[in-house]
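The values are calculated or read from the model by the stated rules, or taken from the named source; none is laboratory data. All of these numbers come straight from a predicted model, not from anything done at the bench. Please note: Cβ atoms are built from the backbone with ideal geometry, for glycine as well, and neighbour counts cover all protein chains shown. The protein model used for the area step is the full one, side chains on, heavy atoms only, and it has no ligands, DNA or RNA in it. Shrake-Rupley method; radii C 1.70, N 1.55, O 1.52, S 1.80 Å.
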Amino acid sequence: MFSDPFFRLRTLFRHNTVEKEMNNELRFHFEQQVDKLMRSGMSKDEASRQARFEFGGEDKVREECREARGVGSVEMLLQDLHYGARTLLKDPSFSLVAVLTLALGMGATTAIFSVVDAVLLHPLPFRDSSRLVVVWENFLTLNHPHNVAAPANFLDWESQNTVFEGMTAMADSHANLTGSGDPQQIVLGNVTAGFLSVTGVNPILGSGFNADNWKEGKDDVVLLDYGFWKERLGGDPGIVGKTIELNGKPVVVVGVAPKDFTLFIKDGNLTGSRPQMWSPWAVPKDWGDRKQGVGRYLTVLARMKPGVTVAQAQEQISTIAWRLQQEYPLTNAHWGTTVVPIREQLSGDLRPALLTLFCAVAFLLLIACANVSSLLLARAAKREKEIAIRAAIGASRWRIARQLLTESVLLAGSGGALGLLLAFWGTRALLASGPKDLLDLRYVTLNLRLLAFTATVTMVSSIVFGFLPSFLSARSQIGESLKDEARSTATGRSTLLRSLLVVAQMSLALVLLVGSGLLIRSFVRLVGVDPGFDPRNLLTFQVGLPHAKYPQDEAQMAFFRDLLLRLGRLPGVRSVSMENFPPLTGMGSATSVHIIGQPKRGEADLPVSGVRVVGPDYFRTMGIPLQAGRLFDERESTEASHVVVVNQAFVEEYLRGENPIGKKISIYMHDDKFDDDHPSEIVGVCGAVHQSALDSEAKPNVYWPMPELTYSRMTFLVRTSNDPAALVPAIRRQLREIDPELPMASVATMEQLLGDSLARSRFTMSLLGVFAAVALALTAVGIYGVISYSVAQRTHEIGIRMALGAQRGNVLGLVLKQGARLMIAGVGLGVVSALVLTRSMSSLLYGVGATDPATFAAVVFILLAVAFLASYVPARYATRVSPMTALRNQ
């Protein structure tokens, strides 16, 4: 019967009924044996005694029957869980503290892992993404390995390589969407043939691009981003085949990309935003003509052939680049190539910060585990007699250890469940407070990997913090544990292990505090950097003119002058201007310049400078100081006069020791101008502006007035007397009066742009600071617990010392010495660990070394102060122990 699987299931789920049936059956057999012995002449008492002897003891028989059922181990586990739950519920304060401590550590760890998973582990939305790479040009002179590519070089890479099965080039641009609601500026990804096959995109609606779409005149189609399709077009399932207007021209929607497809390669992005739709880009005929210039603006994607490694692809593409250097030294000297796997490319700038935060929460989880382990050790010491009694009546060491480990698993399971809930809320808060475009929210979801990670962390944590208490309790000496007058050896070992755990907590907390301190000092240094302009009361917004409506430079300049004039008349406006690329947005353009009078070199060997095109009154509006010479006059702001203002960084880099005023330079921005027929005269020197970010040095820059090089898309700068955001409605009305189809895009104050540029540093610093503060609090609790427990264990000893004449100061010093030993050991180990581990944070720091002595000294002082306070409280309590009470309680 016991081999019947249905009986085993019935035994497992109807335990009480089966036990009752077993007891009835055993009683029946026992009574049958007694009757048999009585018939042989024995009395009832003798027959009962003999039957019991023959059965071998009821309890033993019951255990043998239970083992025969084949579910003994499961029943025992259920018993352990039931007993463990009852034991933990009897001490709710201990259980609550332990569960909350673990939930805090596990929740933080899971929340950070959810972001790490989305950025570093989540499957990318590309077919066979391990074969997808980005190919960059590498400007060896300036050590710029991720530079956008020249069209002619892209064509040569495509035709000469044998390692890629396909290549495609991209360049994003802004476009104005009209005809369906308010006009909107969108980001358009222009892509060459092979885009769909290289990326492996399969539209969820429509068929996407066909071969004809890459022919000139047939490229008036778009593939929509899923999010844009949902938000702007309401998720219209019949959108395929419909027409929308971009820059005043009709284009046909041929598909909608999958929900998880996104392609935002920051290093090559020209707009600073993710594409909202993609359009085929027919390769212009002049791309291969190197005589027309070598503008670099393409981001190149390639799919490696099966079996080809990144190293092999890099070797061949570098060989092609070397050959191009030899063939075209004028444009390709000092230009190499870099091949980067798509995963590494998309997560590159986030990887150091995320890994730092993940290591930080791992430390926090270890501190939490050490804290709970310390609590379990103290609790196990209180349960020594209970454990000794169980051992005395036959429980094996493994049985006792398993029971205690089961309780640890229950604690960890409860902490893990609560931690998962905290992680869900924490992840939302994390992303809400994170920097703009940290990552796509749709990737951060509750998935099987996250659940598996939480389950793994829960089990590992239960073993980490539960093993030592279980092992120690199982090895306790029965005889010593049952004595009332002496502490057992296990108690001594427990105290030692708790002290070691506190030392580990202190060292881990010190590492977190040092990392947090370094980031705080770095952030303070970063905030103190002078951006080179005045960001207060300065509003920025962008206006782009469609070429179909404003085809001539004169028409574009007339529009911008009209809008500047209107804005300058608005109440509260102090000054107004414009430029093509505002600072702190990461956007800009750079090119080669030739300083007339210096030796003529090939274009690849010429100095490189950023180029800004600005409107009238630009420097006053921005608050950029004039260092020498003069600014543009009214005539130079309205007609081409071949003048330029350079910044101080340009002078220091290329004109050191020379008077820059009156010098002439050729700026190679026009594709058809590679000579010195139209040089620009330097008329002024302005202060250096941090164009890309505050943590990067100000680079050489030249400023051209608008007539020198007309841009159809400009960023307006409005300096106001009061809150600049209050002027937005009035500005929008002025723009609509001139042209109602033009959107007012990218509206932001300069202070917001400045804040966005600091957002990632602030985000990392804040998170690590929170983790460090929690770690410090847990460490203080751990030290307090150890000293308090020690005082409680030594109450009798303290009472005797005080009865023999010891002063309160002596007792205070005795207890504080124990805390001091823990502090010195923890700080020493922590300093050594921090000196090693913080070196990995160097890429996150600005103006501060990874081993900054001031930070280390401040952290050590804070940790010692907190540790001293945590030791002083129980030490102070020890001095108030009454000798008579202590001796009587013993």
query: Leaving out ligands, DNA and RNA, what percent of the accessible area of the range 645-729 is carbon and sulfur, probe 1.4 Å?
result: 43
Karplus-derived HN-Hα couplings along the range 721-736 (A = 6.51, B = -1.76, C = 1.60, θ = phi - 60°), whole Hz, x at Gly and Pro: 7, 10, 4, x, 5, 5, 8, 4, x, 5, 5, 5, 5, 5, 5, 5
- request: Convert 20 °C to kelvin, take the viscosity as 1.002 mPa s, use the Kirkwood radius over C-alpha pairs of the range 627-782 as Rh, and evaluate the Stokes-Einstein diffusion coefficient in µm²/s, rounded to a whole number.
  value: 107
- line: Expected vector for the range 607-614, Karplus 3J(HN,Hα) from phi with 6.51, -1.76, 1.60 and θ = phi - 60°, integer Hz, x for Gly and Pro, equals x, 10, 9, x, 10, 10, 9, 10
- prompt: Could you list log10 I(q)/I(0) for the range 536-662 at q = 0.11 Å⁻¹, which the Debye formula gives when each Cα is one point scatterer?
  reply: -0.50
- prompt: With every protein chain left in place, what is the accessible area per residue of the range 518-604 in square angstrom, probe 1.4 Å?
  reply: 43
Square roots of 5 times each gyration tensor eigenvalue, C-alpha, the range 701-784, largest first, Å: 46, 18, 11
- line: Counting sequence-distant residues (5 or more places) and residues on other chains, those with an amide H built under 5 Å from that of ASN190 are ALA171, ASP172, SER173, SER279
task: With a 1.4 Å probe and every protein chain kept in, tell me what percent of the accessible surface of the range 488-618 is carbon plus sulfur.
output: 58
- line: Over all Cα pairs of the range 174-235, the Kirkwood radius sets Rh, and Rg/Rh then becomes 0.97
GLY588 long-range amide H proximity, modeled H, under 5 Å: none
message: Can you give me the solvent accessible area of HIS29 with a 1.4 Å probe, rounded to the nearest 10 Å²?
response: 90
message: Restricting the calculation to Cα positions, tell me the Rg (one decimal) and the Dmax (whole number) of the range 105-194 in Å.
response: 19.2, 54
- request: In nm, give the distance between the simple-model label positions of LEU626 and GLN598, each being 7 Å from the Cα along the Cα-to-Cβ direction.
  value: 2.5
message: Please compute the Kirkwood hydrodynamic radius over the range 607-697, one decimal place, Å, based on all pairs of different Cα atoms.
response: 14.1
- line: Candidate cut points under trypsin sites (Lys or Arg not before Pro) in the range 224-256, DSSP loop plus at most 13 other Cβ atoms within 10 Å of their own Cβ, are LYS242
query: Ranked highest first by average number of other Cβ atoms within 10 Å, how do 722-732, 841-851 line up?
result: 841-851, 722-732
- prompt: Taking amide H positions as placed 1.01 Å from N in the peptide plane, with prolines and chain starts having none, which residues 5 or more places from GLN185, or on another chain, fall under 5 Å of its amide H?
  reply: LEU177
- request: Express in nm, to one decimal, how much length is gained between LEU355 and GLU653 on full extension, taking 0.36 nm for each residue of separation and deducting their alpha carbon distance.
  value: 103.6 nm
